[in-house]
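Everything on this sheet refers to the single structure shown next.
The values are calculated or read from the model by the stated rules, or taken from the named source; none is laboratory data. Since this is a predicted model, take the numbers as computed values, not measurements. Heads up, the Cβs are rebuilt from the backbone with ideal geometry, glycines too, and the neighbour counts pull from every protein chain shown. Quick note on the areas: whole protein, heavy atoms, side chains included, nothing else; ligands and nucleic acids left out. Shrake-Rupley method; radii C 1.70, N 1.55, O 1.52, S 1.80 Å.
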Amino acid sequence: MTDAHVWPASAAVGADGAMRVAGADLRALAAEHGTPAYVLDEADLRSRARAWREAWNDAFGTADVYYAGKAFLSVAVARWVHDEGLRIDTATGGELAVALRAGVPGEAIGLHGNNKSDAELVAARDAGVGRVVIDSMAEIDRVAAVAADGWGGDPGRRAPVMVRVTTGVHAGGHEYIATAHEDQKFGLSVAGGQALAALEAVLDRPELELLGIHSHIGSQILDPAGFTLAARTVLALRSQLAALTGVLVEEVDLGGGFGVAYLPGEVPLDPVRIAKDVAATVADACAELGTPQPRISIEPGRSIVGPSTLTLYTVGTVKPVTLDDSTVRTYVSVDGGMSDNLRPALYGARYHAALVSRTSDAAPVRARVVGKHCESGDIVVHDVDLPGDVAAGDLLAVPVTGAYGRSMASNYNLVPRPPVVAVADGVWRVLVRRETIDDLLALDQG
Ligand code: LLP
């Protein structure tokens, strides 16, 4: 179909105007599961996971790809990406528990977080997670204390750790999702010397095994230059540490943040192209530094799950509003909004929408798709052309909502959160069920 980058790979529109995903008619899916609903194309998600793994393994000979579960994690998704040869990056005890419930071995899981609780560190130790990414000086002592009697049930094992550093590279579309410039809470500064001090402190602790250095520069990045610049800084730090201590750490993780297309016409970062760019930079930098190349790992989240999923809504109120310049904008209200997609309100993120339940010959109108919440910033799609006869009962689909859609959903206005329904080979299956008013009432202790 047109605008292929924004729709799941299997999406197709029939002569009746109805969209099918993996062969399933979205009208039938909505009739059975209701709306709003996140509809996930399993084969699309799996093929993106494979594409990232293959591209980075081809470019480097071997590399580890961790799926960043914060983008969206459920037991089935954890299983699928693990099946496809990926590891899992978790940021909390909750994400860790889901990955473990999926049967992913602790060894294949990483734990991040700038403020990990003792309970989270103990859960990581008990599961024998393959790496804890240390985010502050204070955390070095805390992880060492938790690992005093071993790791993963082995009394002789040290806690495997990386140190997250900030390279000063500022990347990504919005300040709140750019994480490697200096004035923010993550990591330890390379320029300020804290990164080196932390690496040396880890080497001094007999309870810790230093695997390598971690850098994550931001999210929704479309320019490869940020990754190559950060890689150079991290490799120089690695070589500086080796000169000082004689220890050349084996691994460098370049984090996630690979951008996707949200709007028709946008071009996503291509896994093959970025892997080749980074591989060339790593080879050059290591040759200049005179150090062997490290093992490389990455943590893509959005670029694996984002485009695999669309949100299906039912149209309710349609209201023409006359603007100051006397033009008309058609406000199309749907049955969800900022509780199922916070990104427009939080980041000013732009999305696309299409009528997916019928054909229409009506001339297009300039529309704004809005939600049902009590807030004028409750916008789903700022500006999109929709058929002029769009009406209550129509189904609209908003693509690329798989990343940070359900995972950042809330119960604002006590709206129950939508289900995630996966489709494969014409068959749908609920991965996360719809929340009910009873679920919400059950939390309220009266
Ligand atoms: N690794 C680390 C250490 C991260 O902090 C993140 C994202 C990722 C990997 C995955 O990044 P991705 O490939 O998904 O861009 N809620 C925001 C995005 C926050 C990203 C936080 N960290 C949004 O909706 O745009």
Quiz item: In segment 395-413, what residues are open to solvent by less than 10 Å² (accessible area, probe 1.4 Å) and either closer than 22 Å to L440 by Cβ or part of a loop (DSSP other than H, G, I, E, B) (or both)?
Solution: V400, T401, G402, A403, G405
Self-check item: Filter result (closer than 19 Å to Y404 by Cα, more than 15 Å from the ligand (Cβ to nearest atom) and either free of Cβ contacts under 8 Å to residues at least 24 places away in the same chain or not hydrophobic (A, V, I, L, M, F, W, C) (or both)) within segment 336-371
Solution: G336, G337, H352, G371
Quiz item: Taking segment 11-29 as the search range and keeping residues that are surrounded by 21 or more Cβ atoms within 10 Å (Cβ to Cβ) and touching a helix residue (DSSP H, G or I) at 6+ places or on another chain (Cβ under 7 Å), which one is nearest to V423 (Cα to Cα)?
Solution: A22
Exercise. Could you tell me which of the residues T309, T322 is touching a residue at least 40 places away in the same chain (Cβ under 8 Å) and not hydrophobic (A, V, I, L, M, F, W, C)?
Key: T309
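Within segment 392-402, is there a residue that is of a type outside the set (V, I, T) and within 16 Å of the ligand (Cβ to nearest atom)?
Here is the first cut: in segment 392-402, the residues of a type outside the set (V, I, T) are 392-397, 399, 402.
Next cut, within 16 Å of the ligand (Cβ to nearest atom) only: 399, 402.
Yes, there is a match, as at least one residue in segment 392-402 is of a type outside the set (V, I, T) and within 16 Å of the ligand (Cβ to nearest atom).
Could we say that L289 is more than 30 Å from A354 (Cα to Cα), in contact with a helix residue (DSSP H, G or I) (Cβ under 7 Å, 6 or more places away or on another chain), more than 12 Å from the ligand (Cβ to nearest atom) and open to solvent by 50 Å² or more (accessible area, probe 1.4 Å) here?
Numbers: more than 30 Å from A354 (Cα to Cα): yes; in contact with a helix residue (DSSP H, G or I) (Cβ under 7 Å, 6 or more places away or on another chain): yes; more than 12 Å from the ligand (Cβ to nearest atom): yes; open to solvent by 50 Å² or more (accessible area, probe 1.4 Å): yes.
Yes.
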Self-check item: Where I296 falls short, out of the listed (1) closer than 29 Å to V423 by Cβ; (2) in contact (Cβ under 8 Å) with a residue 40 or more places away in the chain
Solution: (1)
Practice problem: From the list V247, V267, V272, V321, pick out the single residue that is in contact with a Lys or Arg (Cβ under 7 Å, 6 or more places away or on another chain), more than 16 Å from the ligand (Cβ to nearest atom) and open to solvent by 20 Å² or more (accessible area, probe 1.4 Å). | Solution: V321
Quiz item: Just for strands (runs of 3 or more DSSP E) wholly inside segment 119-222: which have at least 2 residues that are more than 16 Å from the ligand (Cβ to nearest atom) and open to solvent by 10 Å² or more (accessible area, probe 1.4 Å)?
Solution: 208-214
Quiz prompt | Of the criteria (1) over 20 Å from D41 (Cα atoms); (2) outside the structural domain of P268 (by TED's automatic domain parsing); (3) away from the ligand (no atom under 16 Å from the Cβ), which one Y313 fails | solution = (1)
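Identify, from the list Y38, Y67, the residue that is among the aromatic types (F, W, Y), at pLDDT 95 or above and farther than 29 Å from E250 by Cβ. Before you say what the answer is, go through the steps one by one.
Working: Y67 fails: farther than 29 Å from E250 by Cβ.
Residue meeting the stated conditions: Y38.
Of R417, R350, R329, which residue is part of a strand (DSSP E or B) and surrounded by fewer than 24 Cβ atoms within 10 Å (Cβ to Cβ)?
Details: R417 fails: part of a strand (DSSP E or B); R350 fails: part of a strand (DSSP E or B).
None of the others qualify; the one that does is R329.
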Quiz item: Within segment 115-164, which residues are under 24 Å from the mean Cα position of the chain (by Cα) and either outside the structural domain of L211 (by TED's automatic domain parsing) or of a type in the set (D, E, K, R) (or both)?
Solution: K116, E120, R131, D135, R164
Practice problem: Scan segment 353-371 for residues that are assigned to a strand (DSSP E or B), of a type outside the set (S, T, N, Q) and crowded, with 18+ Cβ neighbours inside 10 Å and jot them down. | Solution: A354, L355, V365, A367, R368, V369, V370
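Could you tell me how many of the residues in segment 66-77 are buried (at least 24 other Cβ atoms within 10 Å of the Cβ) and within 11 Å of the ligand (Cβ to nearest atom)? Even if it seems obvious, please write down each step before you answer.
Narrowing segment 66-77 to residues buried (at least 24 other Cβ atoms within 10 Å of the Cβ): 66-69, 71-73, 77.
After this cut, where a residue has to be within 11 Å of the ligand (Cβ to nearest atom) as well, the list is 66-69, 71-72.
The number of residues fulfilling the criteria is 6.
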Quiz item: Can you name every residue in segment 48-65 that is more than 13 Å from the ligand (Cβ to nearest atom), part of a helix (DSSP H, G or I) and open to solvent by 50 Å² or more (accessible area, probe 1.4 Å)?
Solution: R50, R53, E54, D58
